[in-house]
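> Attaching a single structure in C-alpha cells format; questions to follow.
Read the figures in this text as sums done on the coordinates, not as results from a lab. This structure is a prediction, so every number in the text was calculated from the model and none was measured. Glycine gets a Cβ as well: all are built from the backbone with ideal geometry, and neighbour counts include every protein chain shown.
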Amino acid sequence: MTPLYETDRQREAREMGERLGAKADIYGQRLRSGYCEVHPDVPEPYPCSICHFEGERAEGQRLLDAQYEQAMWDAQLAEYEQEHMAGACVGLS
Ligand SMILES: [Zn+2]
C-alpha cells in the first residue's frame with residue numbers, strides 16, 4: 001500500500017524495494033521486460049516462438065505415446081487371443 005505522504009527519500013527506498021522484489025523468471029534471475037520467462041535469452045515476451053515450438057512438440061510426443069500404448073495393447077490382445085484360440089484348439093482335439 002502506498003502511503004499518502006512520504007519524503008523523496010522514502011519514495012526512493014520504496015521504489016528500490018519494488019525493483020529488487022520485481023518479478024523474477026523461473027531461474028530466479030531478474031526478468032527482462034520483453035524477454036520470455038522460460039527462455040530469458042529470447043527477446044520475445046512469454047510465450048515466445050520456442051515456447052510455441054516446444055508446446056507443439058510436447059503435444060506431438062503425447063500423441064505418439066498414446067499411439068504406442070494403443071499398439072502395445074493391440075499386440076497383447078492379439079497374443080492373448082492367439083493363446084486362447086490355441087488352447088481351444090488343443091481342447092477340441
Ligand atoms: Zn519461451
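> In debye, nearest 20, what is the charge dipole magnitude of segment 32-92 about its Cα centre with +1 on Lys and Arg Cβ and -1 on Asp and Glu Cβ, if you could check?
For segment 32-92, the charge dipole is close to 160 debye.
> Here is a further query. Along the charge dipole of segment 32-92, Cβ charges K/R +1 and D/E -1, which of 85, 58, 70 sits furthest on the positive end?
Of the options given, the answer is 58.
> Using the basic label-point model (7 angstrom from Cα toward the beta carbon), what is the residue 65 to residue 7 distance in nanometres?
5.9 nm
> How long are the semi-axes of the ellipsoid equivalent to segment 32-92, from square roots of 5 times the Cα gyration tensor eigenvalues, in whole Å, largest first?
Gyration-tensor ellipsoid for segment 32-92: 52, 6, 5 Å.
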